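Colleague: Can you keep this structure in mind? I'll have questions shortly.
The values are calculated or read from the model by the stated rules, or taken from the named source; none is laboratory data. Just so it is clear, the structure is predicted and the values come from calculations on it, not from any experiment. Here Cβ is always computed from backbone atoms with ideal geometry, including for glycine, and neighbour counts include all displayed protein chains. Side chains included, ligands, DNA and RNA excluded: accessible areas come from the protein's heavy atoms. Shrake-Rupley method; radii C 1.70, N 1.55, O 1.52, S 1.80 Å.
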Amino acid sequence: MAKAVAMLMALAVVVAVSSGGASADCNIAALASCNAAVIQGAKPTAMCCSSLRAQEPCLCTYQNNPKYGKYHPNARKMVTSCGMAIPNC
């Protein structure tokens, strides 16, 4: 479970879909439905995209954590597959 949470953090860290900062509602575990998209490059599910949108204000904060850079390609692919833009953070 901890490994999955760390991988999800990687997703959020490298995705950067928000220009705002983190809020009190940030919860990387809420992105658990995105595991396959981040780890394996699978197409994100509707639940994953919904969770990603809910965490949008947190994603720049997650992205700035250097521990998760290796997931960058799949994370970016997931964000665009969910119909979200990837802004500069």
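Colleague: Could you report segment 28-82's accessible area per residue, 1.4 Å probe, as an integer in Å²?
Modeller: 52
Colleague: Further question: For segment 28-82, state the average projected area of the convex hull of the C-alpha atoms over all orientations, rounded to one decimal in nm².
Modeller: Orientation-averaged projected area of the Cα hull: 3.3 nm².
Colleague: On to the next question. Just to be sure I understand the model, the point goes 7 Å from the Cα along the line to the Cβ. What's the resulting R53 to S81 distance in nm?
Modeller: Label at R53, label at S81, 1.7 nm between them.
Colleague: Accessible area of segment 28-82 with a 1.4 Å probe: how many percent of it is carbon plus sulfur?
Modeller: The C+S portion of the solvent-accessible surface of segment 28-82 is 55 percent.
Colleague: Between A32 and N88, what length in nm is gained on full extension when 0.36 nm per residue of separation is reduced by their alpha carbon distance?
Modeller: Result for the pair: 17.7 nm of gain on full extension.
Colleague: Sorted by mean Cβ packing within 10 Å, highest first, what order do the peptides 42-53, 71-82 take?
Modeller: The packing order, highest mean first, is 71-82, 42-53.
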